[in-house]
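Since every read-out is calculated from the coordinates, none of them should be taken as a lab result. A quick note: this is a predicted structure, and the numbers were derived from the prediction, not measured. We place every Cβ from the backbone using ideal geometry, glycine too, and count neighbours over all the protein chains shown.
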Amino acid sequence: MKQTIVILLMLLVDIGFCYADSITTIYTRGGKPIEVIIRDEMSQEDIQFYNAAICQEFSEATFLASSSRTYNCHSYAWNLTDGGTVVCWINDSVKNQQNIKVPNLSKYWTNDYYEETTSNNASRIHYYLSNHSAVVSQTVPGMYESKWGKGPVMRHAPGYGPYDYMNYRKYYAHIVPTPVYGTLQCSNISNYIGVNVSASYLAGEIAYSSMPYSNYTITDNKGEDAVDNGKAVINQTYYNGLNITFTHTGIYEIAISFYNQFNEYLGDYTYEQIVQ
Amino acid sequence: MIAMRFHIFFLIIVLGLMMISCGHSDEPVDPNEITRVQDGNGKVFLENGTLVDANLDYTQSELEQALQQYEWEREYCFFYDNHNISSRVSELRYMPITIHTNGTIDITDEYPLRQREYTIKGKILTMSLIEDVFSSYYELPRDFVIVALDISENGGRMIMDTNLKGYEYKNYDPNSMSTRMVWKAKMTDS
């Protein structure tokens with residue numbers, strides 16, 4: 001009841017204001033477009049009113065930052081606390097060109113930078129029945145921090161806040177890949193290869209849904225770059241390897257370092273090729 | 001005198017151009033140049049381009065009064081672009097379906113706790129979300145043009161347009177896509 005009265009009072013505060021809001025696009029770390037709304041700020045009187053009313057109503061939470069209608073919980077958790085520079089409001093779903101609602105927020109954790117994990121490993125939380133998001137507090141263990149609508153940013157216990165169903169949560173984090181080291185698989189099954197015979201050298205285990213990129217070196221037995229000195233020709237590059245033709249006999253070392261789309265090191269694969 | 005001569009000269013030029021253009025009437029018509037029927041002269045177009053009589057010259061206060069006196073229900077709707085007018089369409093998501101006398105609007109396919117209200121300025125009805133302070137959802141206000149308003153003793157009819165720019169429907173032009181909604185007034189119990 002008390003909360004209802006607070007909400008009704010808060011509704012009255014905004015009456016009479018006219019805002020000029022607009023839609024724009026930001027991107028996840030994986031490059032997916034997120035439709036967002038750029039909103040004008042409330043008056044200082046409104047901000048102070050919301051700050052005071054909500055702090056009074058939710059005394060078990062700690063006030064961290066002022067109320068604002070320019071960003072919401074989703075933007076705070078997935079955009080602004082993750083290096084985002086566009087202060088904006090993010091809806092969990094948006095309408096497409098057929099006027100059908102499609103996911104917007106979940107792009108952050110669908111084949112992208114974040115993935116689902118356990119509560120212990122989480123950095124971000126989605127309250128999936130409450131349409132709410134939070135981050136794990138870096139300063140107070142066991143607490144979450146989230147923005148409450150256009151109200152303030154609060155530090156709170158995981159199940160404490162103005163929303164229903166706050167015990168229904170999913171946990172997300174960015175999992176830093178563990179580097180792997182291995183041997184490239186050569187399409188030529190013999191230990192030797194002839195001059196001017198092409199072969200593919202692939203790291204079979206590097207299989208990511210998002211395309212990794214690689215740096216490669218091919219060195220001769222003097223340690224010199226075999227591509228630069230004309231002893232090796234790169235015919236084709238693949239997401240997981242190379243196709244090479246050697247033009248001179250010798251022993252060559254092929255080394256490929258792999259990185260994911262977030263510029264994180266995935267591992268090294270090597271192969272020693274004898275060319276006769 | 002000079003002005004009168006100029007008017008006669010201008011009239012001759014115009015008549016000449018009209019005659020020339022008549023001479024080209026047997027050329028094939030460019031389908032892109034065909035434009036749909038328009039509102040005007042006391043008529044509005046409805047589905048499939050049917051023209052019906054309607055009151056386009058209502059005032060803002062008449063509109064406000066009609067919205068306060070009657071509950072309004074969307075009867076049907078159809079799409080149009082610069083060249084086409086559809087027949088009635090069965091589904092129009094996230095668009096107003098009921099306008100209440102208390103100033104709120106219901107839309108289709110929506111989470112029931114989200115409420116919307118309207119304001120009127122001239123012939124524009126602007127629908128806005130009534131924002132709960134804790135809600136993480138927000139939508140931009142949407143404008144609807146009230147094209148015509150006819151009120152009678154037994155009820156009334158309202159014709160409402162809104163831009164659907166970008167909306168994909170058959171081979172209609174997304175850049176000039178709109179929907180026209182036909183509303184029916186219902187007497188309130190009071």
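Quick rundown of the values:
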{"item": "Within segment A:215-239: backbone nitrogen closer than 14 Å to the A:Glu272 label point (7 Å, Cα to C-beta)", "result": "A:219-223"}
{"item": "Per-residue [θ]222 nm for the protein assembly as shown (sum of -39500 (n - 2.57) over DSSP H runs n ≥ 4, rounded to 500)", "result": "-4500 deg cm²/dmol"}
{"item": "Among A:Thr183, A:Thr139, A:Thr117, residue whose mean-square fluctuation peaks in a GNM of chain A (springs only between Cα atoms under 10 Å)", "result": "A:Thr139"}
{"item": "Sequence-separation-based contact order of chain A, relative, with Cα cut under 8 Å and 6+ spacing, percent", "result": "14"}
{"item": "Cross-link table B:Lys43/B:Lys121; A:Lys101/B:Lys121; B:Lys43/B:Lys184, entries beyond 25 Å C-alpha to C-alpha", "result": "A:Lys101/B:Lys121"}
{"item": "For segment A:180-275: Kirkwood Rh in Å [reciprocal of mean 1/r, alpha carbons]", "result": "13.4"}
{"item": "Among A:Asn196, A:Asn79, A:Asn104: highest mean-square fluctuation, GNM of chain A, C-alpha pairs under 10 Å", "result": "A:Asn196"}
{"item": "Cβ-derived FRET efficiency at R0 22 Å, A:Val140 paired with A:Ser59, nearest 0.05", "result": "0.85"}
{"item": "Crossing angle, helix A:44-57 versus chain A [Cα axis fit, 0-90 degrees, rounded to tens]", "result": "90"}
{"item": "Ranked B:Asp161, A:Asp268, B:Asp109, criterion: other C-beta atoms within 10 Å, fewest first", "result": "B:Asp109, A:Asp268, B:Asp161"}
{"item": "Residue list for segment B:163-179, given a label point 7 angstrom along the Cα-to-Cβ vector of B:Thr108 and an amide N cut-off under 17 Å", "result": "B:163-165, B:167-170, B:178-179"}
{"item": "Peptide B:136-145 - average C-beta neighbours from other chains (10 Å radius)", "result": "6"}
{"item": "Shape of the protein assembly as shown, Cα gyration tensor, a/c cut at 1.5", "result": "oblate"}
{"item": "B:Lys121 versus A:Glu41: modelled label distance in nm, points set 7 Å from Cα along the beta carbon direction", "result": "2.4"}
{"item": "Spacing of the two label points (7 Å from each Cα toward its C-beta) at B:Glu73 and B:Lys186, in nm", "result": "0.4"}
{"item": "Computed over segment A:180-275: relative contact order in percent, which uses C-alpha pairs under 8 Å that are six or more apart", "result": "35"}
{"item": "A:Asn263-A:Ala157 pseudo-label distance in nm [points 7 Å out on the Cα-to-Cβ vector]", "result": "4.2"}
{"item": "FRET efficiency estimate (nearest 0.05) - Cβ-Cβ, A:Thr118 to B:Ser87, R0 56 angstrom", "result": "0.55"}
{"item": "Calculated P(r) tail over 24 Å for segment B:56-190, as whole % of Cα pairs", "result": "31"}
{"item": "Cα gyration tensor, segment A:2-173 - rounded (a/c under 1.5), prolate or oblate", "result": "oblate"}
{"item": "Order of A:Tyr171, B:Tyr76, A:Tyr108 under a 10 Å beta carbon neighbour criterion, fewest first", "result": "B:Tyr76, A:Tyr171, A:Tyr108"}
{"item": "Farthest positive-ward along segment A:180-275 dipole, Cα basis, beta-carbon charges - from A:Pro212, A:Leu266, A:Gln185", "result": "A:Gln185"}
{"item": "Sites B:Leu51 and A:Asn243 - FRET efficiency at Förster radius 45 Å, r taken between beta-carbons, to 0.05", "result": "0.05"}
{"item": "Shielding by other protein chains, B:162-171, mean Cβ within 10 Å", "result": "2"}
